[in-house]
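Only one structure is covered here, and it is reproduced in the block below.
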Amino acid sequence: MCIYKDINSSELNNMIKNKEKFILLDVRTEEEYEENHIPNSLNIPLNNLNLELEDLLPYKDEKIIIYCRSGRRSIMAALMLSDNNFKHLYNLKEGIIGYLDYL
């Protein structure tokens, strides 16, 4: 069973402003990440997520906000993490495109 919550750019911005504790996971390719990314995000491309899942295990019980370009890959990443018993998953539903437009 997948348990993740969609959030929008405004909600993410408020979480950042309020200095909430969370992991910001960018699942785009390394090239996309180098081009631009949300500050303090961790880049693990979706294609590598299964192989690098161990890197996220220390954060299994923490809030993880996942984003990609438009919100599709982040849903797949949320499903994968949920299948591996990660508990507090959030999907930035409009992706970095929406977030940058919001700013």
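Taken together, the values in this text are just the output of simple stated rules run on the coordinates, not laboratory data. Predicted model only: the values in this text are computed from it and were never measured. Cβ atoms come from the backbone with ideal geometry, glycine included; neighbour counts cover every protein chain shown.
Data overview
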quantity	calculated
Label point distance in nm, Lys5-Asp83, each placed 7 Å from Cα along Cα→Cβ	2.5
Potential extension, Glu52-Tyr102 segment - 0.36 nm per residue separation minus Cα distance	14.9 nm
Amide H partners (placed H, <5 Å) of Leu25, local residues excluded	Leu42, Ile65, Ile66, Tyr67
Candidates Glu35, Glu54, Glu11: whichever shows maximal mean-square fluctuation once the chain is modelled as a Gaussian network with Cα springs under 10 Å	Glu35
Lysine pair number, Cα distance threshold 15 Å (strictly under), the chain, separation 8 or more or different chains	9
Whole-number Å³ per residue for the convex hull built on Cα positions in the chain	87
Virtual spin-label span in nm between Glu35 and Glu20, 7 Å along Cα→Cβ	2.8
Cut-off 9 Å between beta-carbons: net charge of the residues surrounding Ile66, Lys and Arg +1, Asp and Glu -1	0
Calculated [θ] (222 nm, deg cm²/dmol) that DSSP helices of n ≥ 4 give over the chain, each run adding -39,500 (n - 2.57)	-10500 deg cm²/dmol
